[in-house]
Amino acid sequence: MDKIESTFTEVTGPDARFGHTLTAVDESKMVLFGGAKGDTGRYEMTGEASIYDGTTWHPIKAKGVAPSPRAAHAATNVEKMQMVVFGGSTGGGSFANDDLYLLDMRNGEEQA
């Protein structure tokens, strides 16, 4: 097997979290959505979304109705620059309904 040379580069990005999703939406773009931030037992759910373009993180300010803050949800790419978010936990032991949200970023103006 050939040896692959690579270098890690530290990039400043969104706050640390767990239970989030990171979804590839293009060849060089990924969307980070949701999760929980804070210490064990004292955390809060977030509905924040950010896109990484290969060098920099940018917050997404979507139009329309965005998903409620949640963690432990599912997300996947539908088509180029589109993703869906489904279910998850909204905190306090509660689960999100069987709601499904589409984030469409094809025209450069994010729409939920």
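The values are calculated or read from the model by the stated rules, or taken from the named source; none is laboratory data. Note that the structure is a prediction, hence the values are computed from the model and not measured. All Cβ positions, even for glycine, are placed from backbone atoms using ideal geometry, and neighbour counts span all protein chains on display.
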Please state which one of Val11, Val78, Val85 is in contact (Cβ under 8 Å) with a residue 12 or more places away in the chain and either of a type in the set (Phe, Trp, Tyr) or out of contact with any Phe, Trp or Tyr (no Cβ under 9 Å at 6 or more places or on another chain) (or both). Val78
Working only within segment 29-41, note down all residues that are in contact with a Ser or Thr (Cβ under 9 Å, 6 or more places away or on another chain) and among the hydroxyl-bearing types (Ser, Thr, Tyr). none
Provide a single number: the residues in segment 28-45 that are assigned to a loop (DSSP other than H, G, I, E, B) and either touching a Phe, Trp or Tyr at 6+ places or on another chain (Cβ under 9 Å) or at pLDDT 95 or above (or both). 3
Within the set of pairs 6 or more residues apart or between chains, which connect a residue that is in contact (Cβ under 8 Å) with a residue 40 or more places away in the chain inside segment 27-43 to a residue that is acidic (Asp, Glu) and surrounded by fewer than 16 Cβ atoms within 10 Å (Cβ to Cβ) with Cβ atoms less than 8 Å apart? Lys29/Asp53; Ala36/Glu44
Which condition breaks for Leu22 when tested against (1) among the aliphatic types (A, V, I, L, M); (2) free of Cβ contacts under 8 Å to residues at least 12 places away in the same chain; (3) assigned to a loop (DSSP other than H, G, I, E, B)? (3)
Residues satisfying the stated conditions in segment 27-52, i.e. among the acidic types (Asp, Glu) and either crowded, with 16+ Cβ neighbours inside 10 Å or in contact with a strand residue (DSSP E or B) (Cβ under 7 Å, 6 or more places away or on another chain) (or both): Glu44, Glu48
In segment 58-74, which residue that is among the hydrophobic types (A, V, I, L, M, F, W, C) and part of a strand (DSSP E or B) is nearest to Thr90 (Cα to Cα)? Ala71
If you scan segment 75-96, which residues turn out to be assigned to a loop (DSSP other than H, G, I, E, B), of a type outside the set (A, V, I, L, M, F, W, C) and surrounded by 13 or more Cβ atoms within 10 Å (Cβ to Cβ)? Gly87, Gly88
Considering (1) part of a loop (DSSP other than H, G, I, E, B); (2) surrounded by 10 or more Cβ atoms within 10 Å (Cβ to Cβ); (3) in contact (Cβ under 8 Å) with a residue 40 or more places away in the chain, say which one Thr55 fails and leave the rest. (2)
In the set Ala66, Ala16, Ala71, which member is out of contact with any Leu (no Cβ under 7 Å at 6 or more places or on another chain), of a type in the set (A, V, I, L, M) and loosely packed, with under 11 Cβ neighbours inside 10 Å? Ala16
